[in-house]
Amino acid sequence: MRVAHLTTVHDRRDPRIFLKECTSLAEGGHEVFLLVADGQGDERKNGVAIIDIGARSCMRLRRMTRDVLRMFVAAKKVRCDVYHFHDPELIPAGLLFRLSGKKVVYDVHEDYATSIAKVEHLPPFVRRFLALVIRIFEPCVARVFQTIIAEKYYEERLPNAEKILNYPLPEHKPAGRSHLPVREPLRVIYTGNITQERGAFTHVSLLDIHPSLHVYMIGRCTPSLAEQIRAHAGKDENRLHIVGAGEYMPFDTITGYYESGGWTAGLALFPPSEHYCRKELTKFFEYMQYGIPILASRFSVWASLIEANRCGVCVDPIFNREEMAAAVQTLLCGGAEMGLNGRRAVQEKYQWTSEEAKLLALYRRLETRD
């Protein structure tokens with residue numbers, strides 16, 4: 001089948017969209033197109049034809065109107081059998097394709113009803129209104145499409161969706177430096193978008209725990225927030241390493257840091273949040289895959305995953321210096337075994353291979369569906 005994946009929000013190198021779904025479908029014999037809005041031009045990679053519709057607008061309203069229309073027009077020209085879209089703002093385009101008789105897949109990456117509450121530039125009453133609209137509207141329109149979800153708990157509001165979870169790709173490199181024992185100076189790593197809601201200032205506060213501890217934060221971060229984080233580090237700024245201020249971090253760059261080895265812990269010290277406390281963060285499985293023990297907030301879903309696999313330590317999400325110091329000491333004593341436990345769990349239970357099989361099976365069903 002000819003398949004088009006559409007996104008006006010995500011980067012063309014997005015791990016779930018490009019590295020996992022598009023690449024798996026291309027390797028499965030489908031003709032795959034990925035339509036993006038980043039202004040970087042067209043290219044072909046991993047058997048996927050990447051089509052650029054032009055740079056996305058910086059204004060949310062224009063992105064939800066002009067950019068969606070441009071995406072619909074460009075996608076229609078590709079003349080595919082299946083249109084697989086990844087952003088809620090593309091729901092109108094999905095409905096138009098469905099009305100024209102096309103097969104449409106809605107890929108839900110986030111709990112958009114709670115994530116909208118984190119959009120700081122919108123007034124609070126607008127955020128509340130949009131969250132209500134999403135809670136009511138999304139389950140209704142999802143019935144029109146074949147819907148898949150990246151997180152287990154999304155099925156509470158989308159009960160008919162198919163779970164294709166965002167587990168890591170199998171390693172293509174032999175185990176090497178990524179599994180070296182912890183060494184001096186002590187190093188902890190956080191990967192992913194760097195924001196206050198994702199614990200940026202808590203992660204920096206770890207610098208006060210141990211005089212040789214270095215904190216690495218690898219991911220997209222606004223330059224203004226990066227300056228605030230450095231100011232928060234104060235005299236310990238020389239042990240803070242922010243990689244990604246003002247730019248997107250390719251997944252290859254992130255895995256390069258994982259593979260450098262000797263990490264004391266992978267971090268997810270998030271403050272309490274309705275949006276994050278029930279998500280099994282993708283970074284957990286990445287840390288586990290590379291044998292990195294986890295230091296995370298004690299949310300029930302997170303603690304269940306980490307404790308069941310004995311691959312890390314959970315602490316109160318409200319920073320407590322004594323508790324954090326004890327957690328770091330536990331990691332220094334038992335982190336190597338925790339890292340091996342996590343790596344073993346990923347190899348046995350949490351790999352993209354199983355989710356790829358579900359994705360290809362879904363597309364086989366779509367192929368035979370009228």
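Computed on the stretch 314-370, the Cα convex hull volume stands at 95 Å³ per residue. Spatial offset of the stretch 250-302 relative to the stretch 73-118 amounts to 29 Å, using the alpha carbon center of each.
Amide H contacts of residue 50 (H built 1.01 Å from N, in plane; Pro and chain starts excluded): 34, 43, 44, 45 sit under 5 Å, all sequence-distant by 5 or more or on other chains. Compared with the dominant Cα axis of the chain, that is its longest principal axis, helix 124-142 is turned about 60°.
Which whole-number percent is the relative contact order of the chain (Cα, under 8 Å, 6+ apart)?
That works out to 13 percent.
Taking the square roots of 5 times each eigenvalue of the Cα gyration tensor of the stretch 177-349, largest first, gives ellipsoid semi-axes of 22, 17, 17 Å. For the chain, a Kirkwood hydrodynamic radius built from all Cα pairs, placed in the Stokes-Einstein relation at 25 °C and 0.890 mPa s, yields a translational diffusion coefficient of 113 µm²/s.
The modelled label-to-label distance for the pair residue 237/residue 357, using points 7 Å beyond Cα in the direction of Cβ, is 5.2 nm. The mean of 1/r over all pairs of different alpha-carbon atoms in the stretch 251-317, once inverted, gives a Kirkwood hydrodynamic radius of 12.2 Å. Summary of packing: across the peptides 294-304, 139-149, the per-residue average of other C-beta atoms within 10 Å ranks them, highest first, as 294-304, 139-149.
Quick note: the coordinates plus some simple rules give every number you see, no bench work behind them. Note that the structure is a prediction, hence the values are computed from the model and not measured. Glycine gets a Cβ as well: all are built from the backbone with ideal geometry, and neighbour counts include every protein chain shown.
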